[in-house]
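First comes the structure, then the notes that go with it.
The values are calculated or read from the model by the stated rules, or taken from the named source; none is laboratory data. Treat the numbers as computed from the prediction; the structure is a model and nothing was measured. Cβ placement follows ideal geometry from the backbone for every residue including glycine, while neighbour counts extend to all protein chains displayed.
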Amino acid sequence: MRSGMGGMEYIENKCEVSIGDRTITFFTGRLARQADGTVLVKCGGNGVLVTAVMNENPVEGVDFAPLTVDVEERMYAAGKIPGGFFKREGRASEKAILISRLTDRPLRPLFPKNMRNEVQIIATVLSVDQINPYDILVMNGASMALCISDIPFNGPVGSVRVARVDDRWVFNPVFDEIEKSVVDIVVAGTENAILMVEASGKEADEEIVLEAIERAHPEIKKIIEVQKRFAEDVGKRKKEFYSFEIKSEIKEKVREIALDKIQQRLDKVIEYSGREDRDSLLSGTKKGYFQDEMRLVQDEVVKKLEQEFPSDVEAIKGALKELERELVREMILERNIRPDGRKPSEIRRISCEVGLFPGTTHGTGLFTRGRTQVLTILALGSIKEAQRIDTLEEEEEFKRFIHHYNFPPYSTGETWPLKGPRRREIGHGALAERALKPMIPPEDTFPYALRLVSEVLESNGSTSMASVCGSTLALMDAGVPIKNPVSGIAMGLVKEGDRFVVLSDIQGIEDFYGDMDFKVAGTKNGITALQMDIKIEGISIDIIREALQQAREGRLYILSKMLEVIPGPREKLADNVPKITIFKIPREKIGEIIGPGGRNVKSIKEEFKLDEIELYDFNGEGVVSITCSDSESIKMARKRIETMLKDIDDIKEGEEFLGTVVGITSYGAFVNLIPGVDGLLHISKITGGRINRVEDYLKVGDRVLVRIASIGKNRRIALERVDVK
């Protein structure tokens, strides 16, 4: 389409692809024309503008291709004005950060490995229909923007969401379908292989997850084909980039000095790998024997070569890492032995503890696996403490289950400024939250808000999965009636040509030098969360199948170790946990129960000595939350409120009321049930036995718990005492 704007002409091009029942349309040429690549992506009422720009100058001092992905949510996209004093969007929401990470992960492996020019992708959410998720649009839009730009990129990448609803597969489902699905899975890949998987499951079977990935790939290919054709039509010629290369002379010198030194350390690992005392023989001060020894080798190599190559110290270290990577990977592929002496499917030593701070915290779990250690502490509160989130969704979101993850610098023996949670911490916390959420009891049976905080105390591989295990321990320690305990494991991969080895419970060096980071969490029945990232240009379904099976075996082993310490949730909540009951009332009755100036609520709180009583609107329903250390007081306060809600036509035989004695006679007491409605508590029903005088047991103004025994002619109500022994 050719048009004009302020005297300037532009040509807008578009293409589209149908995935399932949805059509995704890409536009370019009209908006943000100074970016290196720009697309406007639409699906339903969703519209996302995605731009890609590469800096001409290289970034100094980095050993990777610098890529940044930012998702910018705008409240106007949903016809809303931001809350708060400034009425302006502030820091990125957790959802925007998670979508940024979701987009980054499949793109990163496809940039030239030696490229050092910074690439920034910005996705601005311009409109949302609150029916379709927009994350898939960001992911495909980012790939399309790169493909049609002049930025070097070995794509395209296609991304699709898959759900299983009523025994049928749905591609790019709407929110309602995702809610009903046994698995919600996002798959990204190239034409020939899978690059990234992110999934949530309701104890989904491994075969269901695998089938979802397999079914996603043909849809991915359709998206890729559209991107390739569009790039041919409107794409720019790729420009040159700064390529970081280590001088061959430096590589040769490093190899000459370090080859034997590294091989000697690896030979020691191989020698001790089969011994029972292997762990003590291969222990180190921080990460373990081999990693600690490699730090000494690096210091020695740098010291010998820095005078000859004074401006290439980073290149010397880079060459040493390349050599180390080569030798470690070869040992794994040829000998099936890992840097700490383990076999591929072997899991590090595990220890679990609960109840570390009795009497103060509500639940604690300490999970240690090798040199990874996570302490999780649980706090329980009233539903009113649920997190309120200002989102682009139609309704405000309330989260009653929250999991946070902290990764302090001391966990790796380092220092850096503490400036709040970083993207990695938010991502890991969300992954663990997703793994645990299906097991959290519903609000109507467990009326609490729950906040888990996982503190990473030591880190050498898969702290996110350790936080899943620590959190499960904390929940069971507190007595939270979770559906099933959850454990997690991180898998790795070393692949050269057709040779490959899948690794269970990877540590830091295997993550760094390996080709895959594959995290799986779940119960004995199935998967609750999965996250897979590939560092090479994709892997086959067969490798994913083997990794899933090996992960299941490892996950169940870890779970067995956890259950040795605490076999299930404690029978009751800890004594220091507040006793809470919640129940629903008609929304329009909230004000009536509160009373003028809160008079009714204050009276009830004082009468029954409650810690707290709250009435509020929760997702369109009236909710009463009562907190007290005494369960009997909670029961009586609830009866009092339920009595206030009754109308005369609502009264039925068998119902219980907390009434007020309003009259005494020789044959019984008259008890007011609701305004204008009294019943007779006969003298024979006051104690359950014979008494001579009513006045000896009741007086006007007493509160008594009674039950409707019968309703006679003219609605004469006969009562019986409930609270007598």
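A few comments on the model shown:
- Selection count, the range 79-118, where residues are touching a residue at least 12 places away in the same chain (Cβ under 8 Å) and over 27 Å from the mean Cα position of the chain (by Cα): 8
- Test: R116 is of a type in the set (D, E, K, R) and within 28 Å of E211 (Cβ to Cβ): no
- The single residue among L210, L195 that is in contact (Cβ under 8 Å) with a residue 12 or more places away in the chain and surrounded by fewer than 23 Cβ atoms within 10 Å (Cβ to Cβ) turns out to be L210.
Listed here are the residues, each with its yes/no results for (1) modelled with pLDDT under 85; (2) closer than 30 Å to V704 by Cβ.
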residue	(1), (2)
K535	no, no
I543	no, no
G595	no, yes
F608	no, yes
N619	yes, no
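- Qualifying residue in the range 693-700 (condition: closer than 27 Å to E588 by Cβ and crowded, with 17+ Cβ neighbours inside 10 Å): no
- Scanning the range 167-184 for residues that are closer than 17 Å to E219 by Cα and either under 17 Å from the mean Cα position of the chain (by Cα) or among the aromatic types (F, W, Y) (or both) returns W169, F171, D184.
- Screening the candidates F241, F230 for the property of being farther than 21 Å from D542 by Cβ, assigned to a helix (DSSP H, G or I) and not β-branched (V, I, T) yields one hit, F230.
- Every condition in (1) under 21 Å from E606 (Cα atoms); (2) touching a residue at least 40 places away in the same chain (Cβ under 8 Å) is met by K699 except one, and the failing one is (2).
- Elements of type strands (runs of 3 or more DSSP E) in the range 396-488, at least 2 residues being free of Cβ contacts under 8 Å to residues at least 60 places away in the same chain: 397-399, 401-406
- The set of residues in the range 79-118 being assigned to a loop (DSSP other than H, G, I, E, B) and crowded, with 20+ Cβ neighbours inside 10 Å consists of F111, R116.
- Scanning the range 490-535 for residues that are of a type in the set (A, V, I, L, M) and either part of a loop (DSSP other than H, G, I, E, B) or free of Cβ contacts under 8 Å to residues at least 24 places away in the same chain (or both) turns up just one, I506.
- Qualifying residue in the range 48-61 (condition: part of a helix (DSSP H, G or I) and acidic (D, E)): no
- Unique residue being hydrophobic (A, V, I, L, M, F, W, C), more than 35 Å from the chain's Cα centre (by Cα) and under 30 Å from G29 (Cβ atoms) when the list is A315, A231, A258: A231
- Candidates are the residues of the range 656-688 that are in a strand (DSSP E or B) and among the aromatic types (F, W, Y); the one that is farthest from V700 (Cα to Cα) is F657.
- Residue pairs whose Cβ atoms lie under 6 Å apart, separated by 6 or more positions or on different chains, with the first residue in the range 567-586 and over 18 Å from R400 (Cβ atoms) and the second part of a strand (DSSP E or B), are I585/G622; I585/V624; P586/G622.
- Residues in the range 41-78 that are under 30 Å from K317 (Cα atoms) and of a type in the set (S, T, N, Q) were compared, and the one that is surrounded by the fewest Cβ atoms within 10 Å (Cβ to Cβ) is N57.
- Identity of the residue in the range 607-618, under 41 Å from the mean Cα position of the chain (by Cα) and within 17 Å of K635 (Cα to Cα), that ends up surrounded by the fewest Cβ atoms within 10 Å (Cβ to Cβ): K609
- The set of residues from the range 516-531 being modelled with pLDDT of 95 or more, surrounded by 24 or more Cβ atoms within 10 Å (Cβ to Cβ) and either under 17 Å from L110 (Cα atoms) or of a type in the set (V, I, T) (or both) comprises V520, I527, T528.
- Close pairs from the range 262-279: first at negative phi and basic (K, R), partner surrounded by fewer than 16 Cβ atoms within 10 Å (Cβ to Cβ) and modelled with pLDDT under 95, Cβ under 7 Å, at least 6 apart: R275/L281
- Residues located in the range 140-181, provided they are in a helix (DSSP H, G or I) and closer than 15 Å to V50 by Cα: N140, G141, A142, S143, M144, A145, L146, C147, I148
- Test: residue in the range 624-631 that is assigned to a loop (DSSP other than H, G, I, E, B), in contact with a strand residue (DSSP E or B) (Cβ under 7 Å, 6 or more places away or on another chain) and not assigned by TED's automatic domain parsing to the domain that holds E385: yes
- Qualifying position, being crowded, with 16+ Cβ neighbours inside 10 Å, touching a Leu at 6+ places or on another chain (Cβ under 8 Å) and among the basic types (K, R), among R329, R338, R278: R338
Matching residues to (1) within 30 Å of G497 (Cβ to Cβ); (2) of a type in the set (D, E, K, R); (3) at pLDDT 95 or above:
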residue	(1), (2), (3)
D267	yes, yes, no
K286	no, yes, no
F290	yes, no, no
P310	no, no, no
I332	yes, no, yes
N336	yes, no, yes
T360	no, no, no
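- The condition of being crowded, with 16+ Cβ neighbours inside 10 Å, at pLDDT below 80 and not aliphatic (A, V, I, L, M) does not hold for T412.
- Of all residues in the range 545-566 being free of Cβ contacts under 8 Å to residues at least 60 places away in the same chain and out of contact with any Leu (no Cβ under 8 Å at 6 or more places or on another chain), the one that is surrounded by the most Cβ atoms within 10 Å (Cβ to Cβ): E546
- Pair list, Cβ under 9 Å, 6 or more apart: the range 364-376 residue assigned to a loop (DSSP other than H, G, I, E, B), other residue of a type in the set (S, T, N, Q): G370/N460; G370/Q507; R371/S459; R371/N460; R371/Q507
- Residues of the range 293-307 that are among the acidic types (D, E), at pLDDT 90 or above and surrounded by 12 or more Cβ atoms within 10 Å (Cβ to Cβ): E293, E300.
- Residues of the range 401-430 that are farther than 15 Å from R451 by Cα and touching a His at 6+ places or on another chain (Cβ under 9 Å): F407, P421, E425.
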